[in-house]
1. If we scan segment 84-102, do we find a residue that is closer than 22 Å to residue 8 by Cβ and charged (D, E, K, R)?
2. Would you call residue 101 touching a Leu at 6+ places or on another chain (Cβ under 8 Å) and part of a helix (DSSP H, G or I)?
3. Since residue 74 meets every condition but one in (1) under 22 Å from residue 119 (Cβ atoms); (2) of a type in the set (A, V, I, L, M, F, W, C); (3) assigned to a helix (DSSP H, G or I), which condition does it not meet?
4. Quick one: residue 51 ticks every box in (1) within 30 Å of residue 140 (Cα to Cα); (2) out of contact with any Leu (no Cβ under 8 Å at 6 or more places or on another chain) bar one, so which box is it?
5. Suppose the filter is modelled with pLDDT under 95 and over 16 Å from residue 102 (Cα atoms); does residue 50 pass it?
6. Just one of 109, 64, 117 is buried (at least 19 other Cβ atoms within 10 Å of the Cβ) and of a type in the set (Ser, Thr, Tyr); which is it?
7. Restricting attention to helices (runs of 4 or more DSSP H) lying wholly within segment 120-216, give those where 3 or more residues are in contact (Cβ under 8 Å) with a residue 60 or more places away in the chain and touching a helix residue (DSSP H, G or I) at 6+ places or on another chain (Cβ under 9 Å).
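The values are calculated or read from the model by the stated rules, or taken from the named source; none is laboratory data. Everything quoted here is computed from the prediction, not taken from an experiment. Ideal geometry is used to build each Cβ from the backbone, glycine not excepted, and the neighbour counts take in all protein chains shown.
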Amino acid sequence: MTYSAPLSIVIVEDNLDLAQTVQAFLSLEPGLSVQGVAHEVRGFQDLVRQHLPDLALIDIGLDTPRSGLDLLVWLRKEFPIVKPVIMTVNQGDVLEAYNLGARGYVLKTGLEILAPTLLEVSRGKLIIPPEVGELFLTQVAASDALWKKSVELERFSEREKEILRHLRAGLRREDIGDRLGISFFTVRRHIQNMLEKTGEPSLRSILDKFGEVLGA
């Protein structure tokens, strides 16, 4: 009779009490073996190099609010064989986490699904738990809407986008003309062109619509 070795896991979680609880909880699962627990980025990276685990359980908010997401990028580049699962209270980064290589996303309010998720991920599955699925779809829709705005923004000339950025920053039309070396009337003509291109009723509605995709 042959026996398969348990799946190896390393964990990074900055809440020490929770980390210990999760480690103890996973140790009860015969198919899983926690090789080490880190509480910050460098410690986690050292554990991965040392153990080359099958799975990595990653909190998002570590040294910085995005540390866990950065670790997904690092794993995909340096250790693509390691399958990462996010464990977090953060509900705002579901889509980005999956885009960066996460194979599962477990909220800390639903840790009862943690072990089954890890086991399914180890079998090559991409797991989106039910409580995460609605967040995922909402963020997909928001991302799609943002992309459509970015595409629509490309109807504007570079000069028009430049004027919009200055308007968003609170500059008056006269000041924009002085800064760009054009007349007030030219600024006004560009604004009129943008209104005609978009069908928006006012300059304010254009700024509200495109402000988040204008860039710096």
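1. No, every residue in segment 84-102 fails to be closer than 22 Å to residue 8 by Cβ and charged (D, E, K, R).
2. Numbers: touching a Leu at 6+ places or on another chain (Cβ under 8 Å): yes; part of a helix (DSSP H, G or I): no.
Against the criterion (touching a Leu at 6+ places or on another chain (Cβ under 8 Å) and part of a helix (DSSP H, G or I)), residue 101 does not qualify.
3. Failing condition for residue 74: (1).
4. Here residue 51 meets the rest and fails (1).
5. Details: modelled with pLDDT under 95: no; over 16 Å from residue 102 (Cα atoms): yes.
Taking the combined requirement at face value, the residue does not satisfy it.
6. Just a single option satisfies the conditions, and that option is 117.
7. Where helices (runs of 4 or more DSSP H) fall fully within segment 120-216 and carry at least 3 residues being in contact (Cβ under 8 Å) with a residue 60 or more places away in the chain and touching a helix residue (DSSP H, G or I) at 6+ places or on another chain (Cβ under 9 Å), they are 130-153.
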